[in-house]
Amino acid sequence: MQLEQMYQEIILDHYRSPHGAGLRDPFDAESFQINPTCGDEITLRVRLDGGRVAEISHETLGCSISQASASVLTDLVVGRSVEDSLRVLTAFQEMAQGRGQVEPDEEVLGDGVAFAGVARYPARVKCALLGWMAFKDAVVRVGGTDRGAAEQNGTAATSDGKDAT
Amino acid sequence: MTAVEAPASRNGTAALDVAAVRADFAILSRTVRDGKPLVYLDSGATSQRPRQVLDAERAFLEQHNAAVHRGAHQLAEEATDAYESARARIATFVGADPASLVFTKNATEGINLVAYAMSNAATAGPEAARFTLGPGDEVVVTELEHHANLVPWQELCRRTGATLRWFSVGADGRLDLDSDPITERTKVVAFAHQSNVLGTVLPVAELVRRARAVGALTVLDACQSVPNRPVSFTALDVDFAAFSGHKMLGPSGVGVLYGRSDLLAAMPPFLTGGSMIEMVRMEGSTYAPPPQRFEAGVPMTSQAVGLGAAVDYLSGIGMDVVEAHEAALTGRALDALGEVPGVRVVGPTDLADRGGVVAFVVDGVHAHDVGQVLDDRGVAVRVGHHCAWPLHRRFGVAATVRASVHVYNTPAEIDALVDGVRAAQKFFGVG
Ligand SMILES: Cc1ncc(COP(=O)(O)O)c(C=O)c1O
């Protein structure tokens, strides 16, 4: 069954009770990302503490994949150093954009490996990456890194969480 | 010219022989996603093409291909004849004079052509004065427009300093005629004949009357009407209209802009270059009469020929027959979806002034997820905002599922859609 390959139980669990859902204060940076092809949106806040990701909170208006992905992201990066979390991000992105050819490393990606099935559906890859691009963008805004922001995902970013359309 | 076989059903009241129609569309018998029969309910995005259209393109390319309106050799003559014959047949199909039809890449280009010609009018001399726009002038659109009939007008306003205004849409999915922003300042009124999301057919005659009363030009986005019902631009009395070949069983890469002859004659060009000139000197050039003035460069040719074959095919069936068939399918979809708890149709739920696109949301299941379940069952629909983002905002939804039908769809396919929606509810635990 193809459907179960994409919607693995882990994904459905995260979708039904997403971690990090609901915007929280205080935060160091906020990113608003939008998927122009379907209109899905995420507002994601990051709070850092001494070079570590202390808290992620987000509000996601989107499909099960984008909501579950933001939830998994929260689990994976909170507590990590910014550097480390960006390594996870790169691994997640490589898997998601790998068209099912990239063997995910469970050590690095944890529950994130459940999204390997999504990589077979090119139209849904952006859904899986929406939250991650918001995270990357938010971290850049705090000045935690000088890497490029969310453009690779083809999404629009705003500095203040206002509607980017 | 390019001979086209008689399609499956003749004009008239006889019921459509859908099986015979389907036999003309090879793609409809393929399977998808591990052997599931394809249920194609996305013709509102792009339709499939019958063998007759593909054959016409191939026959043209194998027998007559040459650059049209250039050269005097035999192939050039034949190619030009095929191209102009297609224009003439398409013109008949939409109730217009051939010289009032400009071939474009698609409807998007047709609408942009008008919008850019209006910008260019500022420096094009007195003849073009009626197309000029500036601060204090207004362009009126509606809240239900496809981005193709919204963004070009936003851009025209930005370039010229004019102001964009719009009709709003009621909760029933109908245009709110009381929200009318048309005033003496209005110079253009641009609107869809039928919404590509709601299915609503707009009251063209009334909008034309109101625009005319203040001397504004009308631009009709006919993308979702010309493919699906009899349309005569002359009878509708609009000034401009645009549609795309790929939504009417024809090729992609070809569309049509219709313009009233006197307007096209006075309108400055958008794209300039070869084929659109009258005389060229180093110091400057003069331009050919329409439609050539608006067809710069070597045009799409086999595609135009293919579109000619598509209108022959549709005419052979009869657009009244197509319309009735689509209405029956739409009614079936509205009834069946209406019986599924948690499904809400966005748009009119009765068939009056309504075409064959049905958009809906499923409580508790995002449109993408519904679409994924449908896709897994072989049912192809569109999910998202369908290039009508403001309209989706108006209804407070980020995305909808949209099923759209054409002449080759069957009642069983509507049932497959509805079964799939129920399956999605079950899969996500909301049904
Ligand atoms: C109502 C409407 N207008 C305009 C368009 C744009 O057509 P195209 O992309 O072929 O230019 C479409 C189709 O997507 C449409 O449905």
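General observations
- Pairs where the first residue, in region A:81-103, is within 10 Å of residue A:116 (Cβ to Cβ) and the second is among the hydrophobic types (A, V, I, L, M, F, W, C) and surrounded by fewer than 16 Cβ atoms within 10 Å (Cβ to Cβ), C-beta under 8 Å, 6+ apart: A:95/A:102
- Residue match in region B:354-369 (condition: within 12 Å of another protein chain (Cβ to nearest Cβ), free of Cβ contacts under 8 Å to residues at least 40 places away in the same chain, assigned to a helix (DSSP H, G or I) and under 18 Å from residue B:428 (Cα atoms)): yes
- Pairs are defined by a Cβ separation below 7 Å, a sequence spacing of at least 6 or placement on different chains, a first member in region B:102-115 that is over 20 Å from residue B:84 (Cβ atoms), and a second member that is more than 13 Å from the ligand (Cβ to nearest atom); the pairs so defined are B:114/B:240; B:115/B:155; B:115/B:156.
- Each residue in region B:68-95 was checked for being under 18 Å from residue B:254 (Cα atoms), assigned to a loop (DSSP other than H, G, I, E, B) and out of contact with any Pro (no Cβ under 9 Å at 6 or more places or on another chain), and 1 of them qualify.
- Scan region A:3-18 for residues that are of a type outside the set (A, V, I, L, M) and either surrounded by fewer than 16 Cβ atoms within 10 Å (Cβ to Cβ) or without any contact (Cβ under 8 Å) to a residue 12 or more places away in the chain (or both) and the total you get is 6.
- Lone unmet requirement of (1) in contact with a strand residue (DSSP E or B) (Cβ under 7 Å, 6 or more places away or on another chain); (2) hydroxyl-bearing (Ser, Thr, Tyr); (3) within 14 Å of another protein chain (Cβ to nearest Cβ); (4) buried (at least 23 other Cβ atoms within 10 Å of the Cβ) for residue A:85: (3)
- Every residue from region B:146-188 that is at positive phi and within 16 Å of the ligand (Cβ to nearest atom): B:173
- Matching residues in region A:19-70 - criterion: being part of a loop (DSSP other than H, G, I, E, B), in contact with a strand residue (DSSP E or B) (Cβ under 8 Å, 6 or more places away or on another chain), surrounded by 21 or more Cβ atoms within 10 Å (Cβ to Cβ) and not small (Gly, Ala, Ser): A:35, A:38, A:40
- Among the candidates B:331, B:274, the residue that is modelled with pLDDT under 95 and of a type outside the set (Ser, Thr, Tyr) is uniquely B:274.
- Looking at region B:206-315, the strands (runs of 3 or more DSSP E) lying wholly inside it that each contain 1 or more residues that are crowded, with 24+ Cβ neighbours inside 10 Å sit at B:217-221, B:240-244, B:255-259.
The values are calculated or read from the model by the stated rules, or taken from the named source; none is laboratory data. For clarity, every value in this text was computed on a predicted model and none was experimentally measured. Methodologically, a virtual Cβ is constructed for each residue, glycine included, from the backbone with ideal geometry; neighbour enumeration extends over all protein chains shown.
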